[in-house]
Structure formats: C-alpha cells, structure tokens
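Q: Dumping the structure here so I can ask a few things about it.
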Amino acid sequence: TELAQKRDGRAILPGGAVTPAIPPDTFPVRDFPLSTTTRVGLYLQDEIELEDGRWLLLPGVRVDRFELSPKDDPLFAARNPGIEPTSIRETSISPKLGAIRRLGDIWSVFGNYARGFRAPPYSDVNLGFTNLQFGYTALPNPDLKPETSDGLELGLRARGPQGHLSISAYHNRYRDFIESLRALGVDPRTGLLLFQSQNVGRANIRGVEAKASLSLAAFSPSLQRWSVRAAASVQRGRDEIAGAPLASVDPAQAVLGLAWQGERVGSELVGRFARRHDRRPDVNGQPAYEAPGYGVLDWLLHLDLAEGLRLDAGVFNLTDRRYFESGALPLLAADTANVDRYTAAGRNLAINLRLHW
C-alpha cells in the first residue's frame, strides 16, 4: 500500500487578500510522511474428521510479515521539525486450534484457541498534528511495539432451514496492547491536550456475543420474503498494569433488523443500540466523560441492476439523533466543554455501486 496524505487550505482576509497561512499551519502540510506498507501472510489449515464427522478438528498456523517504510518527505519534515519517521519490520508466527462437536443435524458446540498478531498502524507510529483552535496535539510513538494475544472462545450454534443461532463467550489476553491516541493530559508548557498511541503491557478483553436470524416463513408461507436478524454483544476490557478499564473497549451493543427480499430488490430497517459508556479510566485523576446510550434507526436498500452490478443505498440515523459512536470518542474529562465535536453524523445518505465478476 502506498500512503499519501496532504491537507491544503486558503484564508480570505478582510481586505480580500488570500493567504495559505492559517496558524499553526502554512499550507500545504502533511500529518503523516509518505510511506509504503507491505503485508504478507501465509495461512495453512487442516480439517480432520473423527467419529464419522461428529468431531471436526481445525489445526492451523499463520505467518505474517509486516514492513513500514517511510520516505524522505520535505513537506512532513517542514511541519514536524525534530520528528524522525520510524521504519518497522516484524515477523510473527501464530498457531490456531479449533474443534467442533456436532450434536445432531442442527446443533453443534465449538471451541477455538488462537494466537493473534497486530502490527502498529502507520498513523500511530509516524504522526505529527496540532490543532490550536481546539487545543490539542497528537504525538508520534516510534517505540510502539506489535500487539500479540492469546484468545479462547467457546460457543453453541444451531442452523436450520429457517434460520440460525450462535452464542459464544471469549477471553483474550494481550501483551503490548495498542491503544490508539491515548489521552496523556495537558502539556504544562503549551496548555495543549496531548494524545499518543501507546502500548499497554498486559491487558485482557472478555465478552459474550450472540447472533440470530429467522425467516418469518416459519410462521406463515405468506411471509416467506420477510426475515429478522439480531445481534448483541457485551464486553469488558482491563488494563492489568494500571488496574483500570480499557478506554477503547465499546459498551454493550445490539442490532435488530427487519428485512424484505424480492427477486431483484431488498430492503431492511435496522435499529442500532448501545448502552452508556460508563467503564472508562480517569483522566489525570478526574472522572472521564461517559457517552450516553443511544438507539438509532437506519434504512437500507439494495437493487440488482444487472448480472454482477448492484446498487446499495442507505439513509442512516433516520431520526437525526445526536449521539456518540463508541469507537469515535477519545478519552476526555467529564467537564470537557466541546464534546459535541465528537458526535456522529446526523441524518445522512450513502450510495454505493458495486461491480463484480
């Protein structure tokens, strides 16, 4: 992947003159240096059936190679003096073992162990951005380490002609967990709020997930084009070094949808729900801002225009509700005055055209 980012701008002064200088920037500027990332993965897996297929074992191993190569970039250097972009080269070997026990034609239980690997995002390692208007700055972290994890999952599945159900519980233990743009407090020299992506030495995330879908034809043949789907998750994350919650772990969430599917046209009304984000660590000894819970409605539509050509459209946040998407809210103090700049979009429309062959 070749990465190139640039911000540009002009200001019109009262006398009509135009200037590229809008403090602290003189445009154009770059917040990340020109970079190349290379990802190579090799995955091998076997499927072993035992007892006439009642047991299925799934051993596997994955080898990952990640390279980040920043380029000599005068535009980035001019805006970020003293920051030397960092290169990364990492290789990881991750084993996995899964097992499925069939209890009949519909039900089965499953379990998985997996070793995980996540390379540091380029935007966390090499970053230089300051916003004086809103009083914050984001710092690079050239010492950011790859994240590794050991995860266990146990669950129950059912699949029949009219729908499916899946319930699972998981527990993941992390070393060098990457928490992006962690709030570090206020710089006493500049008065700016500091953000930096950092490693959490040891952390764990555990939770429960459930998914289900059901064709309404199970109740009446006249409803064969209608179906409902639902999903819910509850998760908890903990920084084992600090003994505090992980700010980046979302609160409990749920999705409920009612869908209609025709021969070429399909539509779905979807509700998205989240509880109050009340598990957040303190900010410099002060309570963190807790995003309130929410429920929003989306309407989705897809149309098959021709073979291999599909139109997807959606109207999101139908009721134009003010809310915070959990993953988009940084760690802020409860008395922060300008939290509204982190709210999600109001009512909005998206249209995609997909061509596949």
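The values are calculated or read from the model by the stated rules, or taken from the named source; none is laboratory data. Everything quoted here is computed from the prediction, not taken from an experiment. Positions of Cβ are generated from backbone atoms using ideal geometry, with glycine treated the same way; all protein chains shown enter the neighbour counts. Just so you know, the surface numbers come from the protein's heavy atoms only, side chains and all, with ligands and any DNA or RNA stripped out. Shrake-Rupley method; radii C 1.70, N 1.55, O 1.52, S 1.80 Å.
Q: Using only alpha carbon pairs under 8 Å that are at least six residues apart, calculate the relative contact order of the chain and give it in whole percent.
A: On the way: 880 pairs, mean separation 30.3, N = 357.
With pairs under 8 Å counted, the relative contact order is 8 percent.
Q: Evaluate E = 1/(1 + (r/R0)^6) for Ile167 and Glu307, where r is the Cβ-Cβ distance and R0 equals 45 Å; express this FRET efficiency to the nearest 0.05.
A: Details: r = 38 Å, r/R0 = 0.84.
Taking R0 as 45 Å, the efficiency between Ile167 and Glu307 is 0.75.
Q: Ratio of the range 1-76's C-alpha Rg to 2.2 N^0.38 Å, to two decimals? Show your work: numbers first, answer last.
A: On the way: Rg = 25.7 Å, N = 76, 2.2 N^0.38 = 11.4 Å.
For the range 1-76, the normalised Cα radius of gyration is 2.25.
Q: Using only alpha carbon pairs under 8 Å that are at least six residues apart, calculate the relative contact order of the range 43-101 and give it in whole percent.
A: Details: 84 pairs, mean separation 25.1, N = 59.
Taking the mean separation of contacting Cα pairs over the length of the range 43-101, I get 43 percent.
Q: Mean 1/r over all different Cα pairs, inverted: what Kirkwood radius does the range 35-91 give, in Å? Don't skip to the end; give the middle numbers.
A: Values: mean 1/r = 0.0661 Å⁻¹.
Across the range 35-91, the inverse of the average 1/r is 15.1 Å.
Q: If ligands, DNA and RNA are left out, what is the accessible area of Trp226 with a 1.4 Å probe, given in Å² to the nearest 10?
A: 100 Å²
Q: Still on this structure, I have one more. What percent antiparallel are the DSSP beta bridges of the chain, to the nearest 5?
A: Numbers: 149 of 153 bridges.
Within the chain, antiparallel bridges account for around 95 percent of the total.
Q: Now a separate question. Starting from the residue with the highest accessible area, list Ile83, Ile205, Ile351 in decreasing order, probe 1.4 Å.
A: Details: Ile83 50, Ile205 25, Ile351 105 Å².
Heavy-atom accessible area, descending, gives Ile351, Ile83, Ile205.
Q: Right, next: With a 1.4 Å probe and all protein chains left in place, how much of the accessible area of the range 220-268 comes from carbon and sulfur atoms, in whole percent? Let's see the in-between values first.
A: Numbers: 1570 of 2670 Å².
Heavy-atom surface of the range 220-268 belonging to carbon and sulfur, 1.4 Å probe: 59 percent.
Q: Keeping all protein chains in place, calculate the accessible area per residue for the chain (probe 1.4 angstrom), answer in Å².
A: Roughly 58 Å² per residue, with all protein chains present.
Q: Applying the Karplus parametrisation 6.51 cos²θ - 1.76 cosθ + 1.60 with θ = phi - 60° to the phi angles of the range 99-106, what ³J(HN,Hα) value in whole Hz is obtained for each residue in order, glycine and proline being reported as x?
A: Once θ is set to phi - 60°, the couplings for the range 99-106 become 9, 10, 10, 7, 9, x, 6, 10 Hz.
Q: Could you name the lysines whose alpha carbon sits less than 24 Å from that of Lys6, not counting residues in the same chain fewer than 8 places away?
A: Of all the lysines, those that pass the test against Lys6 - Cα under 24 Å, at least 8 places apart if same chain - are Lys71.
Q: In what order, largest first, do Asp105, Asp150, Asp335 sit by accessible area if the probe radius is 1.4 Å?
A: Working: Asp105 160, Asp150 55, Asp335 130 Å².
In descending accessible area the options line up as Asp105, Asp335, Asp150.
Q: With a/c under 1.5 counting as rounded, go ahead and sort the chain into rounded, prolate or oblate using the C-alpha gyration tensor (a ≥ b ≥ c being the square roots of the eigenvalues; past the cut-off, prolate if a/b is larger than b/c, else oblate).
A: Note, shape of the chain comes out prolate.
Q: What are the ³J(HN,Hα) values, in whole Hz, obtained from phi via the Karplus relation 6.51 cos²θ - 1.76 cosθ + 1.60 with θ = phi - 60°, for each residue of the range 271-282 in sequence order, with x given for Gly and Pro?
A: x, 10, 9, 8, 8, 4, 8, 9, 10, 9, x, 5
Q: Report ³J(HN,Hα) in whole Hz for each residue of the range 26-31, in order, from the Karplus equation J = 6.51 cos²θ - 1.76 cosθ + 1.60 where θ = phi - 60°; Gly and Pro get x.
A: Here the 3J(HN,Hα) series is 10, 6, x, 9, 10, 8 Hz.
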